[in-house]
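Visitor: Got a structure here, written out as structure tokens. Questions coming.
The values are calculated or read from the model by the stated rules, or taken from the named source; none is laboratory data. All of these numbers come straight from a predicted model, not from anything done at the bench. Here the Cβ positions follow ideal geometry from the backbone for every residue, glycine too, while neighbour counts run over all protein chains shown. Areas reflect the complete protein model, heavy atoms only, side chains present, ligands, DNA and RNA absent. Shrake-Rupley method; radii C 1.70, N 1.55, O 1.52, S 1.80 Å.
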Amino acid sequence: MVVKTELEKLNLHPITIGLGEVVLEEKELGKEQQSNLSNALHVVGFELIDDRKSKLIEQIKTFVIDTVHYQEKQPNKNYSQLLSQHLQHDYSYLSNLFSGVEGITIEQFIIHQKIEKVKELLIYDELSLSQIAFTLGYSSTAHLSSQFKKVTGLTPSHFKQVGRHKRNPLDKV
């Protein structure tokens, strides 16, 4: 809604607005319009991405975040297959592009997102660790615990004791 409001203030006409993507009626924006839009979005905490490779990286991030945090059930396929199908690019191209720009691999990004989701679920305290492992597609509770400790330096049970202040916002992961 924030993005829609900012677009309307600038007299731009969105066709669709989704997570990380806006399609406008206007085919092309002039340099001044782009600058105004970029500034308006920046003020409300968003960023205008107009470069093809940057868009692709944002699409990878958006897909992973959406899949890990907002899907009821984790996919049965590998993320490499899912990303390739979803973005219609060879996975090795996506992987090289992502790691070259972001400094971490797509796999590491996925692991960081999963660990943030685990933290969230641990704080809510509604599921056992084995239920969390199953929900997020881990092969075992031991695998989840090992990965959690590797990323956070804490065991899941210790994290649960120290609580909320250890979570990171999704855009900082």
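Visitor: Excluding ligands, DNA and RNA, what is the solvent-accessible area per residue of the range 39-145 at a probe of 1.4 Å, expressed in Å²?
Guide: Accessible area per residue: 59 Å².
Visitor: Can you send over the carbon and sulfur percentage of the accessible area for the range 1-138, probe radius 1.4 Å, protein chains only?
Guide: Accessible surface attributable to carbon and sulfur in the range 1-138 totals 48 percent.
Visitor: Principal axis lengths of the range 75-130 from Cα atoms, whole Å, largest first?
Guide: Its Cα atoms span 39, 26, 14 Å along the three principal axes.
Visitor: Report relative contact order for the chain in percent, whole number only (criteria: Cα-Cα under 8 Å, sequence separation at least 6).
Guide: Value for the chain: 14 percent.
Visitor: Going Cα to Cα from Lys4, which aspartates and glutamates come in below 16 Å? Please leave out same-chain ones fewer than 8 positions away.
Guide: The reachable aspartates and glutamates, counting only those whose Cα sits under 16 Å from Lys4, are Glu21, Glu25, Glu26, Glu47.
Visitor: Taking every eigenvalue of the Cα gyration tensor of the range 1-160, multiplying by 5 and rooting it, what semi-axes result, largest first, whole Å?
Guide: 35, 19, 14
Visitor: Mean residue ellipticity at 222 nm from the helices of the chain, using -39,500 (n - 2.57) per DSSP H segment of n ≥ 4 over the full residue count, to the nearest 500 deg cm²/dmol?
Guide: Rounded to the nearest 500, the figure is -18000 deg cm²/dmol.
Visitor: Relative to the first principal axis of the alpha-carbon coordinates of the chain, what is the inclination of helix 31-43, with its axis defined by its Cα atoms, in degrees from 0 to 90 and to the nearest 10?
Guide: For helix 31-43, the angle is close to 40 degrees.
Visitor: Towards the positive end of the charge dipole of the chain, with charges on Cβ (+1 Lys, Arg; -1 Asp, Glu), say which of Gln33, Gln85, Thr141 has the farthest Cα.
Guide: Most positive-ward Cα: Thr141.
Visitor: To continue, here is another question. Greater than 25 Å separation of Cα atoms is the criterion. Which listed pairs, Lys77/Lys114; Lys31/Lys61; Lys53/Lys117, meet it? Mind showing how you got there, number by number?
Guide: On the way: Lys77/Lys114 16 Å; Lys31/Lys61 27 Å; Lys53/Lys117 27 Å.
Where the Cα-Cα span goes over 25 Å, the pairs concerned are Lys31/Lys61; Lys53/Lys117.
Visitor: Using unit Cβ charges (K, R positive; D, E negative) and no other charged atoms, how large, in debye to the nearest 20, is the dipole of the chain about its Cα centre?
Guide: Working: 20 positive and 21 negative charges, 171 e Å.
Roughly 820 debye for the chain.
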